[in-house]
Amino acid sequence: MSMVTFELLLEKNPAPVGFYIRKLGFFDQKDFHNLNDRIQLHPKPQVPMNEKHFLMFYAVIRYSCRAFYDKDEKHLLFEYAREIPDEFNGIRDKVQSFSDVVTEKFKREYINLKSFKVLLQKIEDFEK
(Lines give C-alpha, C1' and ligand atoms only; values in the text may rest on other atoms or scores of the structure.)
Protein backbone atom coordinates (compact mmCIF):
# COMPACT_ATOMS: atom_id res chain seq x y z
CA MET A 1 0.00 0.00 0.00
CA SER A 2 2.90 2.34 0.70
CA MET A 3 4.29 1.83 -2.79
CA VAL A 4 0.85 2.43 -4.35
CA THR A 5 0.36 5.54 -2.23
CA PHE A 6 3.76 6.91 -3.23
CA GLU A 7 3.10 6.11 -6.89
CA LEU A 8 -0.28 7.85 -6.76
CA LEU A 9 1.24 10.95 -5.16
CA LEU A 10 4.07 10.97 -7.68
CA GLU A 11 1.52 10.89 -10.49
CA LYS A 12 -1.02 13.36 -9.06
CA ASN A 13 1.25 15.77 -7.19
CA PRO A 14 4.80 15.29 -8.49
CA ALA A 15 6.41 18.47 -7.13
CA PRO A 16 6.49 17.59 -3.39
CA VAL A 17 7.39 13.96 -4.05
CA GLY A 18 10.11 15.02 -6.47
CA PHE A 19 11.44 17.44 -3.88
CA TYR A 20 11.58 14.62 -1.31
CA ILE A 21 13.43 12.35 -3.74
CA ARG A 22 15.94 15.08 -4.60
CA LYS A 23 16.39 16.00 -0.93
CA LEU A 24 17.26 12.41 -0.01
CA GLY A 25 19.55 12.22 -3.04
CA PHE A 26 20.07 8.49 -3.38
CA PHE A 27 17.36 7.40 -5.82
CA ASP A 28 15.34 8.94 -8.62
CA GLN A 29 11.86 8.42 -10.01
CA LYS A 30 13.08 5.81 -12.50
CA ASP A 31 14.63 3.79 -9.64
CA PHE A 32 11.32 3.91 -7.78
CA HIS A 33 9.32 2.82 -10.83
CA ASN A 34 11.72 -0.07 -11.48
CA LEU A 35 11.40 -1.34 -7.90
CA ASN A 36 7.65 -0.84 -7.89
CA ASP A 37 7.32 -2.78 -11.15
CA ARG A 38 9.44 -5.63 -9.74
CA ILE A 39 7.27 -5.86 -6.66
CA GLN A 40 4.06 -5.82 -8.71
CA LEU A 41 5.31 -8.31 -11.29
CA HIS A 42 6.62 -10.78 -8.73
CA PRO A 43 4.09 -10.75 -5.89
CA LYS A 44 5.87 -13.01 -3.45
CA PRO A 45 6.19 -12.82 0.31
CA GLN A 46 9.80 -11.74 -0.23
CA VAL A 47 11.26 -9.78 -3.13
CA PRO A 48 15.06 -9.86 -3.23
CA MET A 49 16.42 -6.36 -2.73
CA ASN A 50 19.86 -4.85 -2.73
CA GLU A 51 20.84 -2.11 -0.28
CA LYS A 52 19.59 0.69 -2.51
CA HIS A 53 16.19 -1.00 -2.92
CA PHE A 54 15.94 -1.56 0.80
CA LEU A 55 16.70 2.10 1.57
CA MET A 56 14.32 3.31 -1.13
CA PHE A 57 11.56 1.06 0.22
CA TYR A 58 12.03 2.50 3.69
CA ALA A 59 12.02 6.08 2.38
CA VAL A 60 8.81 5.41 0.41
CA ILE A 61 7.09 3.96 3.46
CA ARG A 62 8.01 6.96 5.59
CA TYR A 63 6.84 9.45 2.96
CA SER A 64 3.59 7.57 2.38
CA CYS A 65 2.74 7.73 6.09
CA ARG A 66 3.53 11.41 6.26
CA ALA A 67 1.29 12.09 3.25
CA PHE A 68 -1.81 10.97 5.14
CA TYR A 69 -1.30 13.88 7.54
CA ASP A 70 -0.06 16.54 5.10
CA LYS A 71 -2.87 18.96 4.22
CA ASP A 72 -2.45 18.91 0.42
CA GLU A 73 -1.48 15.29 -0.05
CA LYS A 74 -4.14 14.10 2.38
CA HIS A 75 -6.72 15.80 0.14
CA LEU A 76 -5.47 13.87 -2.92
CA LEU A 77 -5.48 10.57 -1.05
CA PHE A 78 -8.94 11.26 0.33
CA GLU A 79 -10.25 11.80 -3.20
CA TYR A 80 -8.65 8.52 -4.25
CA ALA A 81 -10.50 6.74 -1.41
CA ARG A 82 -13.70 8.02 -3.03
CA GLU A 83 -14.25 10.41 -0.14
CA ILE A 84 -15.34 7.64 2.19
CA PRO A 85 -13.86 8.57 5.59
CA ASP A 86 -13.85 5.03 6.95
CA GLU A 87 -12.08 3.71 3.86
CA PHE A 88 -9.54 6.54 4.00
CA ASN A 89 -8.93 6.00 7.72
CA GLY A 90 -8.57 2.26 7.17
CA ILE A 91 -5.94 2.75 4.48
CA ARG A 92 -4.14 5.35 6.60
CA ASP A 93 -4.12 3.07 9.63
CA LYS A 94 -2.78 0.10 7.64
CA VAL A 95 0.02 2.15 6.10
CA GLN A 96 0.89 3.65 9.50
CA SER A 97 0.85 0.26 11.23
CA PHE A 98 3.10 -1.24 8.55
CA SER A 99 5.44 1.74 8.82
CA ASP A 100 5.70 1.34 12.58
CA VAL A 101 6.61 -2.34 12.25
CA VAL A 102 9.12 -1.72 9.45
CA THR A 103 10.70 1.23 11.25
CA GLU A 104 11.16 -0.78 14.43
CA LYS A 105 12.59 -3.75 12.56
CA PHE A 106 14.93 -1.68 10.40
CA LYS A 107 16.20 0.36 13.36
CA ARG A 108 16.81 -2.81 15.33
CA GLU A 109 18.46 -4.83 12.55
CA TYR A 110 20.13 -2.25 10.29
CA ILE A 111 21.06 0.64 12.56
CA ASN A 112 24.76 -0.22 12.14
CA LEU A 113 24.53 0.16 8.37
CA LYS A 114 26.11 3.55 7.66
CA SER A 115 23.90 4.30 4.64
CA PHE A 116 20.79 3.60 6.74
CA LYS A 117 21.92 6.03 9.44
CA VAL A 118 22.48 8.68 6.78
CA LEU A 119 19.01 8.04 5.31
CA LEU A 120 17.36 8.23 8.75
CA GLN A 121 18.96 11.60 9.35
CA LYS A 122 17.90 12.93 5.94
CA ILE A 123 14.32 11.75 6.50
CA GLU A 124 14.23 13.27 9.98
CA ASP A 125 15.59 16.58 8.62
CA PHE A 126 12.98 16.53 5.84
CA GLU A 127 10.12 15.86 8.25
CA LYS A 128 10.97 18.81 10.50
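The values are calculated or read from the model by the stated rules, or taken from the named source; none is laboratory data. Bear in mind the structure is a predicted one, so any value in this text is a computation, not a measurement. Note that each Cβ is placed from the backbone with ideal geometry, even for glycine, and that neighbours are counted across all protein chains shown. Remember, those area values only see protein heavy atoms, side chains included, never the ligands or the DNA or RNA. Shrake-Rupley method; radii C 1.70, N 1.55, O 1.52, S 1.80 Å.
For this structure, a couple of remarks:
- Enumeration of residues in the range 106-121 that are open to solvent by 80 Å² or more (accessible area, probe 1.4 Å) and either of a type in the set (D, E, K, R) or not in a helix (DSSP H, G or I) (or both): Lys107, Arg108, Glu109, Asn112, Lys114, Lys117
- Residue satisfying all of: in the range 80-94; surrounded by 12 or more Cβ atoms within 10 Å (Cβ to Cβ) and not β-branched (Val, Ile, Thr); modelled with the highest pLDDT among these: Lys94
- Leu76 touching a residue at least 40 places away in the same chain (Cβ under 8 Å) and touching a Lys or Arg at 6+ places or on another chain (Cβ under 6 Å): yes
A quick yes/no check of all residues on (1) free of Cβ contacts under 8 Å to residues at least 40 places away in the same chain; (2) open to solvent by less than 80 Å² (accessible area, probe 1.4 Å):
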residue: Met3; (1), (2): no, yes
residue: Lys12; (1), (2): no, no
residue: Phe32; (1), (2): yes, yes
residue: Val47; (1), (2): yes, yes
